[in-house]
1. Name the residues in segment 29-50 that are over 13 Å from the mean Cα position of the chain (by Cα) and not polar (S, T, N, Q), would you?
2. Determine whether Glu36 is of a type in the set (D, E, K, R) and under 23 Å from Lys78 (Cα atoms).
3. Among the helices (runs of 4 or more DSSP H) lying completely within segment 11-82, list those that include at least 2 residues that are modelled with pLDDT under 95 and among the small types (Gly, Ala, Ser).
4. Among the listed residues Leu77, Leu62, Leu33, Leu38, identify the single one that is farther than 23 Å from Ser11 by Cα, surrounded by 15 or more Cβ atoms within 10 Å (Cβ to Cβ), out of contact with any His (no Cβ under 8 Å at 6 or more places or on another chain) and not small (Gly, Ala, Ser).
5. Looking at segment 1-10, which of the residues that are assigned to a helix (DSSP H, G or I) and of a type outside the set (S, T, N, Q) is surrounded by the most Cβ atoms within 10 Å (Cβ to Cβ)?
6. Sort out which residues of segment 15-24 are surrounded by 14 or more Cβ atoms within 10 Å (Cβ to Cβ) and free of Cβ contacts under 8 Å to residues at least 12 places away in the same chain, and write them in order of number.
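The values are calculated or read from the model by the stated rules, or taken from the named source; none is laboratory data. Bear in mind that the values here come from a model prediction, so they are computed numbers and not experimental data. For neighbour counting, all protein chains shown are included, and Cβ atoms are generated from backbone atoms with ideal geometry for every residue, glycine included.
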Amino acid sequence: MSETQEDPIQSAHEWLEEAAGHLGLNPGEATALTREILDLTKDVAHNRSRPAAPLTAFLVGLASSNVDEARSNIDALKQVLR
């Protein structure tokens, strides 16, 4: 018997869509920047502070009113990390 491995990104998308529904958010927007947020938090964890990584993602969410603004905020923080 072979075990099927679940794709971690697919699993994350499923959870994010479910959580978004519970919070009254658009599920599509909840997963729009998954890769970008993961890359940002990886850079924060490796270059600044591991505990600050998820909190940085939270700050991006607080500072952003839509996906485009979130993308811009992610780009700005990635510049700071260089």
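1. Taking segment 29-50 first, the residues over 13 Å from the mean Cα position of the chain (by Cα) are 45-50.
Scanning segment 29-50 gives Ala45, His46, Arg48, Arg50.
2. So Glu36 passes the test.
3. Because the criterion is at least 2 residues that are modelled with pLDDT under 95 and among the small types (Gly, Ala, Ser), the helices (runs of 4 or more DSSP H) in segment 11-82 that meet it are 27-30.
4. Testing whether each residue is farther than 23 Å from Ser11 by Cα, surrounded by 15 or more Cβ atoms within 10 Å (Cβ to Cβ), out of contact with any His (no Cβ under 8 Å at 6 or more places or on another chain) and not small (Gly, Ala, Ser) leaves just Leu77.
5. That would be Ile9.
6. Passing the criteria: only Ala20.
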